[in-house]
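Here is the structure we will look at, set down as structure tokens.
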Protein chains: 4
Amino acid sequence: MRSEAARAAILQATVRLVQDRGYDRLTIEGIAAEAGVGKQTIYRWWPSRAALVADCLLGGLLLRDRFELPNTGNLRDDLVAWVSSIFELLGKPQGEMLMRSLIAAATENVDVGLRLYESLGTDSSLTGRLQSAIDASELRPDAPLDEMREALVGAVILRALSRLPAGEGVAERLVDVVLGSATA
Amino acid sequence: MRSEAARAAILQATVRLVQDRGYDRLTIEGIAAEAGVGKQTIYRWWPSRAALVADCLLGGLLLRDRFELPNTGNLRDDLVAWVSSIFELLGKPQGEMLMRSLIAAATENVDVGLRLYESLGTDSSLTGRLQSAIDASELRPDAPLDEMREALVGAVILRALSRLPAGEGVAERLVDVVLGSATA
Amino acid sequence: MRSEAARAAILQATVRLVQDRGYDRLTIEGIAAEAGVGKQTIYRWWPSRAALVADCLLGGLLLRDRFELPNTGNLRDDLVAWVSSIFELLGKPQGEMLMRSLIAAATENVDVGLRLYESLGTDSSLTGRLQSAIDASELRPDAPLDEMREALVGAVILRALSRLPAGEGVAERLVDVVLGSATA
Amino acid sequence: MRSEAARAAILQATVRLVQDRGYDRLTIEGIAAEAGVGKQTIYRWWPSRAALVADCLLGGLLLRDRFELPNTGNLRDDLVAWVSSIFELLGKPQGEMLMRSLIAAATENVDVGLRLYESLGTDSSLTGRLQSAIDASELRPDAPLDEMREALVGAVILRALSRLPAGEGVAERLVDVVLGSATA
DNA sequence: TTTTAACCGAGACGGTACGTCTTGTCTTATA
DNA sequence: TATAAGACAAGACGTACCGTCTCGGTTAAAA
């Protein structure tokens, strides 16, 4: 019978440590100590620290609602707001580190990678928002939604890797590039 | 006086080991052994293994000419060919591992990140190619080149993280998304 | 819960290596390899290689019964036999190296020093033998036993440091010097 | 052409470092730095750090005149004074460390060992003093001077290894033990 | 109700790699 | 041409974690 208390403590400890020190300084021993748990309890349920991060991400513990994609009826505005909020996070040292931690975890774990691939680990509202834009005739019915999403999310990931601050207008231009071919 | 022989041996050993086993199994001790070099000689000149990878990338030792961006005069065809060749590499286990290795290194080292940011670590011909497309009136003079590049390269990075095979037509649609707003 | 198997393997490996190569070429890594043990298992229980040697000495693993002090009823003969047997050991390269190893360890570790101080690391029968000589009226009741022991053992230590072969009659003269003032 | 300045600087640096930090923390690199000299200059002229210490000892740089054996005409008093002065040195932390440093060096280098063997590294006046005691009929003509010296010096060495403070009367009793058989 | 089997915390174990330190050799440039 | 300066290959240092493996000490279901 699995102990739910232990499970929760482990995931929370993981979140705390990733946010405080980053993925590369995250250790199983550190998590066990922080969670007040034996190492074996971690190894019993997760195969690697990357899988732990994946679980945190899945449970919404790492990016919960941070980047809710709004739906005001104006797709461009919504996307710009969303991208801007992410860029804002990247502007803070801890936010930038968190994003890089997720990317690092993704290089080791498919689940994390897939989770990022669908809108940056958030409740993948991006696909839904684009689809609803088609329904509202804001986008052409044959717009390549997947590729648009990949371009948008990918640009954000790449920005995080570059560690460059996103200057004025970057979010707008990025959204325009992505929407360009697909708007009426 | 720095030994050029040692420097070259270290970089080559790094390239070999990254390609064979991936970044996460790359160790300083392994590099030193492979290069026939003392560990201190590595630590004397590089602060971390990520910096070593950055140097390899800079020296063109890791991706040299792998993704030469052609210039046939037709921008769309050129970009599709370039993206396709990258997708092809990602289809092979070793190629995928190499790309993920670079991304992992980028999460630890700004230089690697910047190098990826400008066209995927290749001799950043992408910017030049886009500029020449403006000159040839293939693109609008005010096309947001940087954001176009970010979207394109970012999509490729993200694809690597997702480990999903790039299906039929993905390269084309991706290029079309990116070029959409800027052509004609 | 400490592993007795590991403890024994480590001490035995230490003994073997000290005897084969001497204290100055004794390394923690070498002991760990020889014992088939992780380095941390050594560091967990001993603070230094000198402490390891002290433990071996204490456990009788290094000089066990090598220099049993006989008790024939004739103190002078017994001491001469004992000193001679030590000089004989010092005549062999390995024996000399072992003795110098112990002295070297003693310079770094009090316990080894004390163990040498009381009769050369052997089960300190020397004090007992001298006491029984008083009881048998072979020595004056007020004979300064401690100083006699120090003089005798010290002379042996010093001989080991000098690396000079102990010539004919040295053992006898040494014992006579030490016993001189204390024999009826 | 050997640089006398370098030679002196090296020996003085050795003395300083041995006295300050002890033999086990004495390194060739440290000496070179302290002396403002290249390492090669040391290796060119001395085979090991123990040989360096031997040279310092020989040159009187380490124990110069520290333990001058007096000659008042009363052998016992002279020896007691000499042993007491050594015990006094051993009572100070730095003096004890210095003596242990010499012993440690002796385990690695014959010259140091021999130097200790003949009266503790001092200008070997001990033998001379004993001889003159014979001449003055303070000792029997056939007294075993060598063994007496070994017993006395050895006891002091051993005391240093034991790190035990020499209590009241130890010096006297020690001298009496050694002189016992040879007086009157 | 008692057994028993799984899970728990704790942490020792054999290992690997870390980044530092020192060794003794070598090369360079300085004077 | 002997130096100081210091790079080099080698390898030990002591530390940090890895993933596996006992330990006893709770639980909770099965007997």
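Using the Cα centre of segment A:76-137 as the reference point, and only Cβ charges (+1 on K/R, -1 on D/E), how large is the resulting charge dipole? Debye, rounded to the nearest 20. Once rounded to the nearest 20, the dipole reads 140 debye. Selection among C:MET148, C:TRP82, C:ALA51 by position relative to the dipole of segment C:41-184 gives C:ALA51 as farthest towards the positive end (Cβ unit charges, Cα centre). Computed over the Cα atoms of chain C, pair by distinct pair, the Kirkwood hydrodynamic radius stands at 17.5 angstrom. About the centre of its Cα atoms, the protein assembly as shown shows a dipole size close to 340 debye [charges on the beta carbon of Lys, Arg (+1) and Asp, Glu (-1) only; nearest 20 debye]. Over segment C:112-165, the pair-distance histogram of Cα-Cα distances with 10 Å bins from zero comes to 24, 46, 25, 6 percent, rounded to whole numbers. For B:ARG25, the label point sits 7 Å beyond Cα toward Cβ; its separations from the matching points on the remaining copies run 2.9, 3.6, 4.4 nm, from shortest to longest. Counting, for every residue in A:140-148, the Cβ atoms of other protein chains within 10 Å of its Cβ and taking the mean gives 4. Straight Cα distances below 18 angstrom link C:LYS39 to the aspartates and glutamates B:GLU29, C:GLU4, C:GLU29, C:ASP55, with same-chain residues fewer than 8 positions distant left out. Across identical copies of the chain, C:MET1 has label-point separations of 2.6, 6.3, 7.5 nm, listed in ascending order, with the point defined 7 angstrom from Cα along Cα→Cβ.
With a 10 Å cut-off around each Cβ of D:97-107, the average count of Cβ atoms from other chains is 5.
The ellipsoid equivalent to the alpha-carbon distribution of segment B:1-66 has semi-axes of 17, 14, 10 angstrom, derived from the gyration tensor eigenvalues as √(5λ) and listed largest first. Distance between the modelled labels on B:ALA5 and D:ALA5, one decimal in nanometres: 3.5 nm (7 Å Cα→Cβ projection).
Hey, how much of the P(r) for segment D:75-184 falls beyond 22 Å, as a percent of Cα pairs? The proportion of pairs with Cα distances above 22 Å equals 31 percent.
With the simple model of a label 7 Å out from the Cα in the direction of the Cβ, A:GLN12 to D:ILE134 spans 8.8 nm. The mean number of partner chain beta-carbon atoms within 10 angstrom of a residue's beta-carbon across peptide C:162-171 is 3. Placing unit charges on the Cβ atoms only, positive for Lys and Arg and negative for Asp and Glu, gives segment D:102-184 a dipole magnitude near 240 debye about its Cα centre. Note on chain A: with a GNM built from Cα contacts shorter than 10 Å, the maximum mean-square fluctuation among A:SER48, A:SER84, A:SER101 falls on A:SER48.
Principal axis extents of the Cα atoms in segment B:34-81, from largest to smallest and rounded to whole angstrom, are 51, 19, 12. With N the number of residues in the protein assembly as shown, Rg(Cα) / (2.2 N^0.38 Å) evaluates to 1.46. The tail of the calculated P(r) for segment B:34-122, taken as Cα-Cα distances beyond 17 Å, holds 56 percent of the pairs. Chain D versus the axis that turns it onto chain A: the residue with the nearest Cβ and the distance in whole Å amount to D:ARG25, 16. Placing a label point 7 Å from Cα along the Cα-to-Cβ direction at A:ALA136 gives distances to the equivalent points in the other copies of 3.9, 11.2, 11.6 nm, listed shortest first. What separates the Cα centres of segment D:2-24 and segment C:143-171 is a distance of 32 Å.
Taking other residues whose beta carbon is less than 15 angstrom from the beta carbon of C:GLN94, and scoring Lys, Arg as +1 and Asp, Glu as -1, yields +3. Label separation (A:LYS92 vs D:GLN94): 5.6 nm, computed from points 7 Å beyond Cα along the C-beta direction. The reciprocal of the average 1/r between distinct C-alpha atoms defines the Kirkwood hydrodynamic radius, which for segment C:74-133 equals 12.5 Å.
Only the coordinates and a few stated rules stand behind these numbers; no lab work does. Source: prediction; values computed, not measured. Cβ coordinates were reconstructed from backbone atoms using ideal geometry, including for glycine residues, and neighbour counts include every protein chain displayed.
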